[in-house]
Amino acid sequence: MVVLAYIRVSTDEQAEKGNSLTEQKERIEAYCKAMGWEEPIFFIEDGYSAKSTNRPELTIMLEKVKEYQNGRVITTKLDRLSRKLFDILSLNNYFVKHKFHYVSATEGFDTSTPAGMLVLQMLGMVAEFERERNSERVRENMLSIARNNTKKIITRPCFGYDIVDGKMAMNLDEALCIRRAAMKLLTGTPSRSVIGEWNAQGITTKEGNEWQDKTFRELFQRETLVGDFVYNKTTRQGDKVIKNDPSLWIREKNTHEAILDRDTFTKLQELFQGRKSVGKHMSNETYLLSGLVYCSHCGSKMNGKMNRSFSKRLNRENIHYQYLCDGYLKKGKCFHHYVQRDAIEELVISRIKEVAQAAPGTLKLVISKPQVKQVDKESIENKLAKLDKKMQKQIDAYNDDLITAEDLKAATLRVTKERDALKKILESSEEEQASRQQEELKRKARSATKAILSGDRITVKQSIRQLIERIEIKDGSQVSIVWLA
């Protein structure tokens, strides 16, 4: 009967007594000789953890199990196979399916017996408990380091950085790729085009793999690129990665050199978020505005619909592309009205061109969620609240005969003057912010013009989504556009 021997050591275990590959091999050879079995065929796994069963030599051994269809698998200890009960039981089921028994040389059991199977399950549970306990200890240690010593690197560097002398150091070649890609993305180049360029040029991930849409987006959403350290964003539960509440994140700013400035990074997040919100519409080039057009009467979306009609005079079929009110079509809560696809799309593209060519200071567009920078606004509002408290104290002092009417009048005039000045600053900030948003929109429209004129409808569709949040149609002809700043 064939004997397949699997020995494994992780990087951390190499120096531990009794766990070296040589010691495991000697122990298994002695056990097989004592049992009178055939000389074992060894599968040697050097530097692999037991967290996953995706290991080269284990995979080869499992293929051999399938090939031989009868025999034994032997290890020195159960945890050489895995530390997860589920994986251990899955592997044992695989062995049983192919008429193999599992034997642990030092733990003294054989799954060909009921007692051996019981011991297997019990030891598997203990191994999994130890693994979970060790993982929790490591995690707590990492969190402590993250909170108290942000200069210590406890995560692997992302693309754009390397670890040099224990510190995060910029990889100049990779950083240049990131900066060029960011510029292309913000001027209308689709992310798939940038990904294609990187893969064609042999630019790979840190793991040496080709770039995919998911890994590419994740890279440009990492705050590491702006010089910040963020830890504890996710928690692993078994094989699943769970995103933690942002309140649990550990964040430290300016811990290393930034590749992107914060303004560019913010614009990239807005870009990716905009694409994500309408991603399900992007593969269809028939309707450029799908997901953006709304009925102003009932608030429902107006979805693309194709109608056919036959012309007897011309003896041909005509196809009409329209955006039809979904409230009427599916819910019956609105009246039948639509807008022709070509007409509304030409109008929107024309509006974008007008924005791109507008003279400075002439734009008066409706922009989604215009707002003052939150820090400035909160600061001014806090000062106004303090003035209100200050005035109330003066009134209380007057009521308690601590100050005269003249004192109260003087205090009232002083506080009123300060309040008016702060309100003026707040209003001015809002106006300045609105003006900046209008000019920023103009800049984005100019950058997107080339893509919009490219003739590639998917590219045009993507560019429109970087500029427009929604388009409202009233009575089939009145068009209102809400722009993205």
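Within the range 50-76, the residues that satisfy the criterion of being modelled with pLDDT under 90 and closer than 21 Å to residue 120 by Cβ are 50, 51, 52, 53. Only residues that are assigned to a loop (DSSP other than H, G, I, E, B) and surrounded by fewer than 19 Cβ atoms within 10 Å (Cβ to Cβ) were counted across the range 436-483, and they come to 7.
When 109, 95, 42 are screened for being surrounded by 15 or more Cβ atoms within 10 Å (Cβ to Cβ), modelled with pLDDT under 85 and either under 24 Å from residue 125 (Cα atoms) or in contact with a helix residue (DSSP H, G or I) (Cβ under 9 Å, 6 or more places away or on another chain) (or both), only 109 passes. Residue 402 satisfies every condition listed in (1) at pLDDT 80 or above; (2) within 32 Å of the chain's Cα centre (by Cα); (3) farther than 30 Å from residue 338 by Cα except (2).
Of note, residue 314 does not satisfy the criterion of being at pLDDT below 85 and within 14 Å of the chain's Cα centre (by Cα). Looking at the range 149-231, the helices (runs of 4 or more DSSP H) lying wholly inside it that each contain 1 or more residues that are over 25 Å from residue 463 (Cβ atoms) and of a type outside the set (Ser, Thr, Tyr) sit at 172-186. Number of residues in the range 62-83 that are within 16 Å of residue 102 (Cβ to Cβ) and surrounded by fewer than 19 Cβ atoms within 10 Å (Cβ to Cβ): the value is 6.
So for the range 20-38 (the condition being within 23 Å of residue 97 (Cα to Cα), without any contact (Cβ under 8 Å) to a residue 40 or more places away in the chain and surrounded by fewer than 20 Cβ atoms within 10 Å (Cβ to Cβ)), does at least one residue qualify? Scanning the range 20-38, I find at least one residue that is within 23 Å of residue 97 (Cα to Cα), without any contact (Cβ under 8 Å) to a residue 40 or more places away in the chain and surrounded by fewer than 20 Cβ atoms within 10 Å (Cβ to Cβ), so the answer is yes. Each residue in the range 413-438 was checked for being within 16 Å of residue 386 (Cβ to Cβ) and modelled with pLDDT of 75 or more, and 10 of them qualify. Note on the range 452-485: among residues that are over 22 Å from residue 367 (Cα atoms) and of a type in the set (A, V, I, L, M, F, W, C), the one that is farthest from the chain's Cα centre (by Cα) is 453.
The values are calculated or read from the model by the stated rules, or taken from the named source; none is laboratory data. Being a predicted model, the structure only gives us computed values, none of them experimental. FYI the Cβ positions are ideal-geometry reconstructions off the backbone, even for glycines, and counts take in every protein chain you see.
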